[in-house]
Amino acid sequence: MTSFATHRLRVHDTARPPYRRLSALRTCLTEFAPYGFYATYHHLCRSAGIPRDLDEDPESLVRAVEELHEARQLWLAELAAWQIGRRAQKRAGRRRADPPQPSQGLYWPNPEFHPGGRLVEVLPGVMRGRTSLGVHQARRDGTCPVCRCDRGTVEWDGDGFGIHALCAGCGLGLTRRPPAFPDTRRRDEVREAFRRHEHLIWTRALQA
């Protein structure tokens, strides 16, 4: 039994205290997180309505892990089909995979700005978002690989590691350029603020 499957069952186990069921959910996210760990966790907290006090609604953890499981099953099915096709390509002597392997996840730099739909609805766009070069990026016409249209871009520099161009529709990170800090102190302040922000997501203080 995979680690994901094992911990999914632990989320369902009502004999466990809620905080341990939450820990199992977080372990599932280390195995499968289409938007990245914090962005996917933020999405699930919001979509499943996981409260700060888990005793208020422990079944929200089940709703969250089942949404994650549903999306993972779709990815596993696509991956299995791709592997069959890839084996045939190898037998034919084709060294480069076409299409590329379905992506398990892309990069949403701002963990609060991600698609709003259910994971299983968004995942097809995530899986097709990896190019033949093994990276995700806006196409030459500006089309976001997840949205499949050009919704423009917005800049975000809240993590202190770069100035990110995000799809204005879904928040996918398309490009990044180095930040321009006046000094290292300012850089460290921004990075520390971002870590505090991640802690607020971790403790479910930010769900809106």
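For ARG52, state whether it is touching a Leu at 6+ places or on another chain (Cβ under 7 Å) and either modelled with pLDDT of 95 or more or among the charged types (D, E, K, R) (or both).
The answer is no for ARG52.
State which residue is farthest from ARG8 (Cα to Cα) when the search covers only segment 19-44 and only residues that are assigned to a loop (DSSP other than H, G, I, E, B) and small (Gly, Ala, Ser).
Residue satisfying both the conditions and the ranking: GLY36.
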Among the residues of segment 84-93, is there at least one that is open to solvent by 60 Å² or more (accessible area, probe 1.4 Å) and at pLDDT 95 or above?
no
Residue by residue through segment 45-65, note down the ones that are part of a helix (DSSP H, G or I), within 26 Å of PHE113 (Cα to Cα) and touching a residue at least 24 places away in the same chain (Cβ under 8 Å).
CYS45, ARG46, SER47, LEU54, LEU61, VAL62, ALA64, VAL65
Inter-residue pairs, beta-carbon under 6 Å, first within 20 Å of ARG128 (Cα to Cα) and in segment 86-100, second part of a loop (DSSP other than H, G, I, E, B), 6+ apart:
ARG86/ALA97; PRO100/ARG130; PRO100/SER132
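Residues are listed down the side, and each one gets a yes or a no for (1) surrounded by fewer than 16 Cβ atoms within 10 Å (Cβ to Cβ); (2) within 14 Å of the chain's Cα centre (by Cα):
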{"position": "LEU25", "(1), (2)": "no, no"}
{"position": "ALA48", "(1), (2)": "no, no"}
{"position": "GLU56", "(1), (2)": "yes, no"}
{"position": "ARG72", "(1), (2)": "no, yes"}
Near pairs, Cβ below 7 angstrom, 6+ apart or cross-chain, from segment 187-205 (in contact (Cβ under 8 Å) with a residue 60 or more places away in the chain and under 25 Å from THR30 (Cβ atoms)) to any residue that is of a type in the set (Asp, Glu) and not in a helix (DSSP H, G or I)
none
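The values are calculated or read from the model by the stated rules, or taken from the named source; none is laboratory data. In this text the structure is predicted, and so the values were computed from the model without any measurement. In this analysis, Cβ positions are derived from the backbone assuming ideal geometry, glycine residues included, and neighbour counts consider all displayed protein chains. Please note that ligands, DNA and RNA were not included when accessible areas were found on the heavy atoms of the full protein model with its side chains. Shrake-Rupley method; radii C 1.70, N 1.55, O 1.52, S 1.80 Å.
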